[in-house]
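**Student:** Please see the structure below; I have some questions.
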Amino acid sequence: MMPLLRSADALRRFLRNKGKFRRPMIIERKPPRHPRQGPSCLLVLFVLFGISVSFYVIQNRDEVRDIIIPTPTNEPTRTATEFAVLAELSKDDSEYEEAIGYYTDAIEADGTKPEFYIRLIDLLVRQDLSEEAVQKAELATVLAPDNDNVWTSAAAAYLANGDRLADQGDTAGADIQYATAFQAASKAIGINPQNATAHAYAAAGLVLQGNADLYAQAQELADTAIFLEPENPIARLYMATVFTYEGYYPDALEQYQLGLQVEPTNADLHIGLAYNYYGDGRISDAIISFEDALAADPNNASAYDGLAHMYIQLGDAPLAEQNALQAVELNPNIARAQGRLGEAYFRQNNYLNAIPPLEESVRLYGRANDLNARFFNMLATAYIRNSLADCPKAVPLFQQVLSATGNTLTLESAQEGLDECRRAELERSP
(Lines give C-alpha, C1' and ligand atoms only; values in the text may rest on other atoms or scores of the structure.)
Protein backbone atom coordinates (compact mmCIF):
# COMPACT_ATOMS: atom_id res chain seq x y z
CA MET A 1 0.00 0.00 0.00
CA MET A 2 2.85 2.43 0.68
CA PRO A 3 3.95 2.78 -2.96
CA LEU A 4 0.36 3.59 -3.99
CA LEU A 5 -0.08 6.28 -1.28
CA ARG A 6 3.21 7.87 -2.33
CA SER A 7 1.97 8.04 -5.89
CA ALA A 8 -1.35 9.65 -4.91
CA ASP A 9 0.38 12.28 -2.74
CA ALA A 10 2.70 13.15 -5.60
CA LEU A 11 -0.28 13.56 -7.90
CA ARG A 12 -2.01 15.90 -5.44
CA ARG A 13 1.07 18.07 -5.06
CA PHE A 14 1.33 18.30 -8.83
CA LEU A 15 -2.27 19.40 -9.24
CA ARG A 16 -1.98 21.90 -6.40
CA ASN A 17 1.04 23.60 -7.88
CA LYS A 18 -0.01 23.37 -11.52
CA GLY A 19 -1.05 26.98 -11.82
CA LYS A 20 2.13 28.24 -10.24
CA PHE A 21 4.47 27.18 -13.14
CA ARG A 22 5.70 30.15 -15.19
CA ARG A 23 5.06 30.30 -18.84
CA PRO A 24 8.26 29.78 -20.91
CA MET A 25 10.06 32.88 -22.24
CA ILE A 26 9.97 33.32 -25.98
CA ILE A 27 12.91 35.20 -27.47
CA GLU A 28 12.18 36.74 -30.78
CA ARG A 29 15.17 37.30 -33.11
CA LYS A 30 15.02 40.55 -35.00
CA PRO A 31 16.76 40.92 -38.36
CA PRO A 32 20.01 42.89 -38.28
CA ARG A 33 19.76 46.52 -39.11
CA HIS A 34 22.39 46.12 -41.94
CA PRO A 35 22.12 42.64 -43.59
CA ARG A 36 25.36 41.05 -45.25
CA GLN A 37 25.86 41.64 -48.93
CA GLY A 38 28.38 39.12 -50.64
CA PRO A 39 31.42 37.22 -49.25
CA SER A 40 33.32 38.11 -46.14
CA CYS A 41 36.58 40.05 -46.18
CA LEU A 42 38.48 37.01 -44.89
CA LEU A 43 37.37 34.91 -47.87
CA VAL A 44 38.46 37.64 -50.27
CA LEU A 45 41.90 37.71 -48.68
CA PHE A 46 42.26 33.92 -49.07
CA VAL A 47 41.30 34.08 -52.76
CA LEU A 48 43.76 36.88 -53.47
CA PHE A 49 46.52 34.96 -51.70
CA GLY A 50 45.78 31.83 -53.74
CA ILE A 51 45.90 33.76 -57.02
CA SER A 52 49.22 35.31 -56.07
CA VAL A 53 50.72 31.92 -55.21
CA SER A 54 49.51 30.46 -58.52
CA PHE A 55 51.16 33.25 -60.52
CA TYR A 56 54.40 32.70 -58.58
CA VAL A 57 54.37 28.94 -59.21
CA ILE A 58 53.76 29.45 -62.94
CA GLN A 59 56.57 31.99 -63.27
CA ASN A 60 59.04 29.98 -61.16
CA ARG A 61 57.96 26.43 -61.98
CA ASP A 62 61.52 25.00 -62.36
CA GLU A 63 62.61 26.24 -58.95
CA VAL A 64 59.39 25.02 -57.35
CA ARG A 65 59.83 21.59 -58.97
CA ASP A 66 63.31 21.30 -57.52
CA ILE A 67 61.98 22.14 -54.08
CA ILE A 68 59.06 19.70 -54.25
CA ILE A 69 61.03 16.91 -56.01
CA PRO A 70 64.59 17.28 -54.77
CA THR A 71 67.45 15.92 -56.91
CA PRO A 72 68.38 12.46 -55.57
CA THR A 73 71.86 12.19 -54.15
CA ASN A 74 73.98 9.15 -54.93
CA GLU A 75 74.68 6.79 -52.10
CA PRO A 76 78.34 6.09 -51.44
CA THR A 77 79.62 3.46 -53.95
CA ARG A 78 82.55 1.07 -53.83
CA THR A 79 85.74 1.91 -55.66
CA ALA A 80 87.16 -0.27 -58.42
CA THR A 81 89.85 -1.52 -56.05
CA GLU A 82 87.24 -2.53 -53.48
CA PHE A 83 85.34 -4.49 -56.13
CA ALA A 84 88.60 -6.22 -57.12
CA VAL A 85 89.29 -7.19 -53.51
CA LEU A 86 85.78 -8.64 -53.21
CA ALA A 87 86.36 -10.56 -56.44
CA GLU A 88 89.54 -12.14 -55.12
CA LEU A 89 87.85 -13.07 -51.85
CA SER A 90 85.04 -14.72 -53.81
CA LYS A 91 87.55 -16.53 -55.98
CA ASP A 92 89.35 -17.85 -52.88
CA ASP A 93 85.99 -19.22 -51.71
CA SER A 94 85.44 -20.85 -55.15
CA GLU A 95 82.51 -18.48 -55.76
CA TYR A 96 83.56 -17.93 -59.35
CA GLU A 97 80.33 -16.47 -60.70
CA GLU A 98 80.30 -13.93 -57.88
CA ALA A 99 83.94 -13.10 -58.58
CA ILE A 100 83.12 -12.53 -62.25
CA GLY A 101 80.39 -10.10 -61.22
CA TYR A 102 82.74 -8.15 -58.96
CA TYR A 103 85.47 -7.86 -61.61
CA THR A 104 82.84 -6.70 -64.09
CA ASP A 105 81.84 -4.02 -61.59
CA ALA A 106 85.50 -3.09 -61.08
CA ILE A 107 85.96 -2.56 -64.82
CA GLU A 108 82.79 -0.45 -64.98
CA ALA A 109 84.12 1.68 -62.13
CA ASP A 110 87.59 1.99 -63.69
CA GLY A 111 88.16 0.54 -67.15
CA THR A 112 91.79 1.66 -67.37
CA LYS A 113 93.41 -1.16 -65.37
CA PRO A 114 94.56 -4.09 -67.56
CA GLU A 115 94.97 -6.33 -64.50
CA PHE A 116 91.20 -6.33 -63.95
CA TYR A 117 90.69 -7.60 -67.50
CA ILE A 118 93.35 -10.28 -67.12
CA ARG A 119 91.80 -11.68 -63.97
CA LEU A 120 88.29 -11.51 -65.37
CA ILE A 121 89.34 -13.38 -68.52
CA ASP A 122 90.93 -16.09 -66.38
CA LEU A 123 87.67 -16.55 -64.47
CA LEU A 124 85.57 -16.58 -67.66
CA VAL A 125 87.80 -19.28 -69.16
CA ARG A 126 87.58 -21.26 -65.92
CA GLN A 127 83.77 -21.12 -66.10
CA ASP A 128 83.66 -22.18 -69.79
CA LEU A 129 82.47 -18.72 -70.85
CA SER A 130 84.97 -18.52 -73.66
CA GLU A 131 82.97 -16.24 -75.96
CA GLU A 132 82.75 -13.60 -73.23
CA ALA A 133 86.43 -14.14 -72.49
CA VAL A 134 87.30 -13.38 -76.12
CA GLN A 135 85.21 -10.21 -76.02
CA LYS A 136 87.02 -8.97 -72.91
CA ALA A 137 90.39 -9.98 -74.39
CA GLU A 138 89.78 -7.88 -77.48
CA LEU A 139 88.97 -4.87 -75.30
CA ALA A 140 92.05 -5.46 -73.16
CA THR A 141 94.44 -5.67 -76.11
CA VAL A 142 93.16 -2.31 -77.36
CA LEU A 143 93.54 -0.85 -73.88
CA ALA A 144 97.08 -2.13 -73.29
CA PRO A 145 98.69 -3.29 -76.56
CA ASP A 146 102.19 -3.23 -75.02
CA ASN A 147 101.32 -5.48 -72.07
CA ASP A 148 102.55 -9.05 -72.63
CA ASN A 149 100.28 -10.42 -69.91
CA VAL A 150 97.24 -9.03 -71.70
CA TRP A 151 98.22 -10.84 -74.91
CA THR A 152 98.90 -14.03 -72.93
CA SER A 153 95.44 -13.79 -71.41
CA ALA A 154 93.96 -13.23 -74.86
CA ALA A 155 95.71 -16.38 -76.12
CA ALA A 156 94.10 -18.36 -73.28
CA ALA A 157 90.68 -17.01 -74.28
CA TYR A 158 91.15 -17.98 -77.94
CA LEU A 159 92.32 -21.48 -76.99
CA ALA A 160 89.26 -21.96 -74.78
CA ASN A 161 86.98 -20.75 -77.55
CA GLY A 162 88.66 -23.14 -79.97
CA ASP A 163 88.00 -26.00 -77.56
CA ARG A 164 84.35 -24.96 -77.34
CA LEU A 165 83.97 -25.04 -81.11
CA ALA A 166 85.81 -28.35 -81.35
CA ASP A 167 83.41 -29.83 -78.77
CA GLN A 168 80.55 -28.73 -81.01
CA GLY A 169 82.12 -30.39 -84.02
CA ASP A 170 83.11 -27.13 -85.74
CA THR A 171 86.71 -28.08 -86.49
CA ALA A 172 87.19 -25.30 -89.04
CA GLY A 173 86.05 -22.65 -86.58
CA ALA A 174 88.17 -24.21 -83.87
CA ASP A 175 91.29 -24.10 -86.03
CA ILE A 176 90.75 -20.38 -86.67
CA GLN A 177 90.60 -19.75 -82.93
CA TYR A 178 93.74 -21.85 -82.32
CA ALA A 179 95.59 -19.93 -85.02
CA THR A 180 94.46 -16.64 -83.45
CA ALA A 181 95.70 -17.90 -80.07
CA PHE A 182 99.11 -18.56 -81.60
CA GLN A 183 99.20 -15.01 -82.97
CA ALA A 184 98.23 -13.49 -79.62
CA ALA A 185 100.84 -15.58 -77.78
CA SER A 186 103.46 -14.60 -80.35
CA LYS A 187 102.76 -10.91 -79.67
CA ALA A 188 103.25 -11.57 -75.95
CA ILE A 189 106.58 -13.27 -76.70
CA GLY A 190 107.62 -10.35 -78.88
CA ILE A 191 107.03 -7.98 -75.96
CA ASN A 192 108.56 -10.28 -73.33
CA PRO A 193 110.63 -13.23 -74.60
CA GLN A 194 110.86 -14.56 -71.01
CA ASN A 195 107.09 -15.18 -70.79
CA ALA A 196 106.95 -18.95 -70.37
CA THR A 197 103.15 -19.21 -70.39
CA ALA A 198 103.01 -17.34 -73.68
CA HIS A 199 105.41 -19.88 -75.22
CA ALA A 200 103.18 -22.70 -73.93
CA TYR A 201 100.05 -21.12 -75.40
CA ALA A 202 101.82 -20.56 -78.71
CA ALA A 203 102.68 -24.26 -78.77
CA ALA A 204 99.06 -25.13 -78.05
CA GLY A 205 97.79 -22.84 -80.79
CA LEU A 206 99.90 -24.75 -83.32
CA VAL A 207 99.51 -28.35 -82.19
CA LEU A 208 95.75 -28.23 -81.61
CA GLN A 209 95.19 -27.45 -85.28
CA GLY A 210 96.11 -31.07 -85.92
CA ASN A 211 98.51 -30.21 -88.73
CA ALA A 212 101.57 -32.47 -88.52
CA ASP A 213 103.65 -29.84 -90.32
CA LEU A 214 103.32 -27.60 -87.24
CA TYR A 215 104.28 -30.16 -84.60
CA ALA A 216 108.04 -29.51 -84.70
CA GLN A 217 107.57 -25.77 -84.14
CA ALA A 218 105.05 -26.48 -81.38
CA GLN A 219 107.53 -28.78 -79.62
CA GLU A 220 110.25 -26.13 -79.82
CA LEU A 221 107.95 -23.55 -78.22
CA ALA A 222 106.92 -25.94 -75.46
CA ASP A 223 110.57 -26.82 -74.81
CA THR A 224 111.35 -23.12 -74.42
CA ALA A 225 108.43 -22.70 -71.99
CA ILE A 226 109.77 -25.49 -69.78
CA PHE A 227 113.32 -24.14 -70.00
CA LEU A 228 112.09 -20.74 -68.82
CA GLU A 229 109.85 -22.13 -66.06
CA PRO A 230 110.27 -25.83 -65.25
CA GLU A 231 107.58 -25.57 -62.58
CA ASN A 232 104.96 -24.07 -64.91
CA PRO A 233 102.00 -26.53 -65.11
CA ILE A 234 100.69 -24.95 -68.33
CA ALA A 235 104.05 -25.54 -69.99
CA ARG A 236 103.96 -29.19 -68.89
CA LEU A 237 100.37 -29.58 -70.10
CA TYR A 238 101.09 -28.44 -73.64
CA MET A 239 104.41 -30.23 -73.85
CA ALA A 240 102.46 -33.39 -73.04
CA THR A 241 99.84 -32.43 -75.65
CA VAL A 242 102.53 -32.06 -78.31
CA PHE A 243 104.01 -35.46 -77.43
CA THR A 244 100.53 -37.02 -77.59
CA TYR A 245 99.88 -35.64 -81.08
CA GLU A 246 103.30 -36.88 -82.16
CA GLY A 247 102.54 -40.33 -80.74
CA TYR A 248 105.18 -40.23 -77.98
CA TYR A 249 102.87 -41.49 -75.23
CA PRO A 250 105.48 -42.38 -72.58
CA ASP A 251 107.03 -38.90 -72.91
CA ALA A 252 103.57 -37.34 -72.66
CA LEU A 253 102.83 -39.41 -69.55
CA GLU A 254 105.94 -38.05 -67.87
CA GLN A 255 104.97 -34.45 -68.65
CA TYR A 256 101.46 -34.91 -67.25
CA GLN A 257 102.87 -36.38 -64.06
CA LEU A 258 105.44 -33.59 -63.67
CA GLY A 259 102.72 -31.01 -64.13
CA LEU A 260 100.53 -32.66 -61.49
CA GLN A 261 103.41 -32.62 -59.02
CA VAL A 262 103.34 -28.83 -59.30
CA GLU A 263 99.53 -28.41 -59.43
CA PRO A 264 97.69 -31.53 -58.19
CA THR A 265 94.27 -29.92 -58.67
CA ASN A 266 94.67 -29.10 -62.36
CA ALA A 267 91.72 -30.91 -63.96
CA ASP A 268 93.12 -30.54 -67.50
CA LEU A 269 96.28 -32.39 -66.52
CA HIS A 270 94.23 -35.21 -64.97
CA ILE A 271 92.06 -35.51 -68.09
CA GLY A 272 95.11 -35.53 -70.36
CA LEU A 273 96.72 -38.20 -68.21
CA ALA A 274 93.50 -40.25 -68.32
CA TYR A 275 93.42 -40.31 -72.12
CA ASN A 276 97.11 -41.16 -72.13
CA TYR A 277 96.36 -44.19 -69.97
CA TYR A 278 93.47 -45.11 -72.27
CA GLY A 279 95.75 -44.93 -75.32
CA ASP A 280 98.06 -47.36 -73.53
CA GLY A 281 95.17 -49.73 -72.77
CA ARG A 282 95.13 -48.90 -69.04
CA ILE A 283 91.40 -48.24 -68.70
CA SER A 284 91.28 -48.69 -64.92
CA ASP A 285 94.02 -46.08 -64.47
CA ALA A 286 92.18 -43.83 -66.90
CA ILE A 287 89.00 -44.06 -64.81
CA ILE A 288 90.94 -43.13 -61.68
CA SER A 289 92.42 -40.08 -63.42
CA PHE A 290 89.00 -38.94 -64.66
CA GLU A 291 87.71 -39.28 -61.10
CA ASP A 292 90.69 -37.24 -59.88
CA ALA A 293 89.71 -34.54 -62.38
CA LEU A 294 86.19 -34.49 -60.94
CA ALA A 295 87.58 -34.28 -57.42
CA ALA A 296 89.44 -31.14 -58.53
CA ASP A 297 86.51 -29.77 -60.56
CA PRO A 298 83.14 -31.41 -59.76
CA ASN A 299 81.41 -29.63 -62.65
CA ASN A 300 83.81 -30.71 -65.37
CA ALA A 301 81.67 -32.03 -68.22
CA SER A 302 84.69 -33.36 -70.13
CA ALA A 303 85.65 -35.59 -67.20
CA TYR A 304 82.15 -37.10 -67.05
CA ASP A 305 82.26 -37.57 -70.82
CA GLY A 306 85.59 -39.38 -70.47
CA LEU A 307 84.18 -41.68 -67.79
CA ALA A 308 81.22 -42.50 -70.03
CA HIS A 309 83.65 -43.41 -72.80
CA MET A 310 85.65 -45.66 -70.48
CA TYR A 311 82.57 -47.52 -69.26
CA ILE A 312 81.42 -48.03 -72.85
CA GLN A 313 84.80 -49.66 -73.52
CA LEU A 314 84.26 -51.91 -70.50
CA GLY A 315 80.76 -52.83 -71.72
CA ASP A 316 79.04 -51.24 -68.72
CA ALA A 317 76.32 -49.34 -70.56
CA PRO A 318 74.30 -48.33 -67.45
CA LEU A 319 77.33 -46.65 -65.86
CA ALA A 320 78.18 -45.07 -69.21
CA GLU A 321 74.62 -43.72 -69.39
CA GLN A 322 74.87 -42.31 -65.87
CA ASN A 323 78.08 -40.39 -66.59
CA ALA A 324 77.01 -39.26 -70.04
CA LEU A 325 73.81 -37.82 -68.55
CA GLN A 326 75.95 -35.81 -66.12
CA ALA A 327 78.12 -34.56 -68.98
CA VAL A 328 75.25 -33.35 -71.18
CA GLU A 329 73.48 -31.80 -68.20
CA LEU A 330 76.59 -29.73 -67.43
CA ASN A 331 77.28 -28.89 -71.07
CA PRO A 332 74.71 -29.93 -73.69
CA ASN A 333 76.92 -28.57 -76.49
CA ILE A 334 79.57 -31.29 -76.35
CA ALA A 335 78.81 -33.32 -79.46
CA ARG A 336 80.74 -36.42 -78.39
CA ALA A 337 79.00 -36.45 -74.97
CA GLN A 338 75.59 -36.41 -76.67
CA GLY A 339 76.83 -39.19 -78.93
CA ARG A 340 78.04 -41.27 -76.01
CA LEU A 341 74.74 -40.88 -74.20
CA GLY A 342 72.99 -42.12 -77.33
CA GLU A 343 75.52 -44.95 -77.61
CA ALA A 344 74.86 -45.98 -73.99
CA TYR A 345 71.13 -46.27 -74.73
CA PHE A 346 71.85 -47.99 -78.06
CA ARG A 347 73.96 -50.68 -76.38
CA GLN A 348 71.06 -51.39 -74.04
CA ASN A 349 68.77 -51.83 -77.11
CA ASN A 350 66.87 -48.73 -76.01
CA TYR A 351 66.65 -47.31 -79.51
CA LEU A 352 63.80 -44.90 -78.84
CA ASN A 353 65.78 -43.11 -76.10
CA ALA A 354 68.99 -43.31 -78.13
CA ILE A 355 67.56 -41.27 -81.00
CA PRO A 356 67.31 -37.75 -79.39
CA PRO A 357 70.92 -37.50 -78.09
CA LEU A 358 72.28 -39.07 -81.28
CA GLU A 359 70.28 -36.56 -83.34
CA GLU A 360 71.76 -33.75 -81.25
CA SER A 361 75.26 -35.14 -81.71
CA VAL A 362 74.81 -35.37 -85.48
CA ARG A 363 73.35 -31.85 -85.56
CA LEU A 364 76.36 -30.47 -83.69
CA TYR A 365 78.89 -32.34 -85.83
CA GLY A 366 77.18 -31.38 -89.06
CA ARG A 367 79.00 -33.86 -91.29
CA ALA A 368 80.40 -37.32 -90.71
CA ASN A 369 84.15 -37.87 -90.58
CA ASP A 370 86.45 -40.70 -89.54
CA LEU A 371 86.23 -39.72 -85.84
CA ASN A 372 82.47 -39.29 -85.48
CA ALA A 373 81.07 -41.62 -88.17
CA ARG A 374 80.00 -44.21 -85.60
CA PHE A 375 77.47 -41.76 -84.11
CA PHE A 376 75.96 -41.15 -87.57
CA ASN A 377 75.81 -44.89 -88.14
CA MET A 378 74.22 -45.55 -84.72
CA LEU A 379 71.55 -42.91 -85.33
CA ALA A 380 70.66 -44.42 -88.71
CA THR A 381 70.58 -47.90 -87.19
CA ALA A 382 68.44 -46.70 -84.25
CA TYR A 383 65.95 -45.27 -86.77
CA ILE A 384 65.44 -48.57 -88.55
CA ARG A 385 65.54 -50.67 -85.37
CA ASN A 386 62.75 -48.49 -84.02
CA SER A 387 60.81 -48.63 -87.28
CA LEU A 388 61.66 -49.47 -90.89
CA ALA A 389 59.30 -46.66 -91.80
CA ASP A 390 62.19 -44.36 -90.83
CA CYS A 391 64.42 -45.63 -93.63
CA PRO A 392 64.10 -42.30 -95.52
CA LYS A 393 65.86 -40.63 -92.57
CA ALA A 394 68.39 -43.44 -92.15
CA VAL A 395 69.58 -43.89 -95.74
CA PRO A 396 71.30 -40.45 -96.14
CA LEU A 397 73.16 -41.06 -92.87
CA PHE A 398 74.35 -44.50 -93.95
CA GLN A 399 75.57 -42.98 -97.22
CA GLN A 400 77.52 -40.30 -95.35
CA VAL A 401 79.19 -42.96 -93.21
CA LEU A 402 80.25 -45.00 -96.24
CA SER A 403 82.04 -42.00 -97.72
CA ALA A 404 83.52 -40.66 -94.47
CA THR A 405 85.31 -43.47 -92.62
CA GLY A 406 87.76 -46.25 -93.15
CA ASN A 407 86.70 -48.19 -90.05
CA THR A 408 85.82 -51.68 -91.28
CA LEU A 409 83.20 -52.47 -88.63
CA THR A 410 81.43 -49.15 -89.13
CA LEU A 411 81.48 -49.55 -92.90
CA GLU A 412 80.03 -53.06 -92.70
CA SER A 413 77.26 -51.90 -90.33
CA ALA A 414 76.34 -48.99 -92.59
CA GLN A 415 76.20 -51.22 -95.65
CA GLU A 416 73.99 -53.73 -93.81
CA GLY A 417 71.63 -50.89 -92.86
CA LEU A 418 71.39 -49.70 -96.44
CA ASP A 419 70.69 -53.24 -97.67
CA GLU A 420 67.96 -53.68 -95.04
CA CYS A 421 66.26 -50.48 -96.13
CA ARG A 422 66.42 -51.53 -99.77
CA ARG A 423 64.80 -54.87 -98.97
CA ALA A 424 62.06 -53.11 -97.00
CA GLU A 425 61.45 -50.80 -99.95
CA LEU A 426 61.17 -53.77 -102.36
CA GLU A 427 58.71 -55.51 -100.05
CA ARG A 428 56.54 -52.39 -99.97
CA SER A 429 56.58 -52.03 -103.77
CA PRO A 430 53.57 -53.56 -105.62
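**Student:** Solvent-accessible area per residue for the range 255-403 at a 1.4 Å probe radius, Å²?
**Tutor:** Here the residues of the range 255-403 average 43 Å² of exposed surface.
**Student:** Same structure again: Placing unit charges on C-beta atoms (Lys and Arg positive, Asp and Glu negative, everything else neutral), compute the dipole magnitude of the range 85-172 about its Cα centre in debye, rounded to 20.
**Tutor:** With Lys and Arg at +1 and Asp and Glu at -1, about 220 debye.
**Student:** So for the range 122-194, what percent of the C-alpha to C-alpha distances run longer than 21 Å?
**Tutor:** Counting every Cα pair in the range 122-194, those more than 21 Å apart make up 21 percent.
**Student:** Pop out the ³J(HN,Hα) list for the range 310-325 in order, Karplus 6.51 cos²θ - 1.76 cosθ + 1.60 with θ = phi - 60°, rounded to Hz; leave Gly and Pro as x.
**Tutor:** Computed from phi, the couplings for the range 310-325 are 5, 6, 5, 5, 7, x, 9, 5, x, 5, 4, 4, 4, 6, 5, 4 Hz.
**Student:** Treating the Cα atoms of the range 164-237 as identical point scatterers in vacuum, please give the log10 of the normalised Debye intensity I(q)/I(0) at q = 0.18, 0.21, 0.22 Å⁻¹, two decimals.
**Tutor:** Per q value, in the given order, log10 I(q)/I(0) is -0.66, -0.84, -0.91.
**Student:** Using θ = phi - 60° and the Karplus form 6.51 cos²θ - 1.76 cosθ + 1.60, what ³J(HN,Hα) does each residue of the range 176-184 get, whole Hz, x for Gly and Pro?
**Tutor:** For the range 176-184, the Karplus curve yields 5, 5, 5, 5, 5, 4, 4, 5, 5 Hz.
**Student:** Give, rounded to the nearest 20 debye, the magnitude of the charge dipole that the range 152-290 has about its Cα centre when Lys and Arg contribute +1 at Cβ and Asp and Glu contribute -1 at Cβ.
**Tutor:** I would put it at about 260 debye.
**Student:** May I ask you to list the aspartates and glutamates whose Cα is less than 13 Å away from that of Lys91, ignoring any residue fewer than eight positions away on the same chain?
**Tutor:** Answer for Lys91, where 13 Å is the Cα cut-off: Asp122, listed by chain and number.
**Student:** For the range 127-193, which GluC sites (Glu not before Pro) pass both filters: DSSP loop (anything but H, G, I, E, B) and at most 10 other C-beta atoms within 10 Å?
**Tutor:** In loop regions of the range 127-193 (DSSP not H, G, I, E or B), there are no sparsely surrounded GluC sites (Glu not before Pro).
**Student:** In whole Å, largest first, what are the principal axis extents of the Cα atoms in the range 373-430?
**Tutor:** 37, 17, 15
**Student:** Lys187: which aspartates and glutamates have alpha carbons under 16 Å from its alpha carbon, excluding same-chain residues fewer than 8 sequence positions away?
**Tutor:** By straight Cα distance, Lys187 reaches Glu138, Asp146, Asp148.
**Student:** Output wanted: per-residue J couplings in Hz (rounded whole) for the range 413-427, from phi through Karplus 6.51 cos²θ - 1.76 cosθ + 1.60, θ = phi - 60°, x for Gly and Pro.
**Tutor:** Karplus-based 3J(HN,Hα) across the range 413-427 equals 5, 5, 5, 4, x, 4, 4, 5, 5, 5, 5, 4, 5, 5, 5 Hz.
The values are calculated or read from the model by the stated rules, or taken from the named source; none is laboratory data. Worth saying up front: this structure is predicted, and the values here are computed from it rather than measured. Cβ sites come from the backbone with ideal geometry, for glycine too, and all protein chains shown count toward neighbours. Side chains are part of the model used for accessible areas, which takes the heavy atoms of the whole protein and leaves out ligands, DNA and RNA. Shrake-Rupley method; radii C 1.70, N 1.55, O 1.52, S 1.80 Å.
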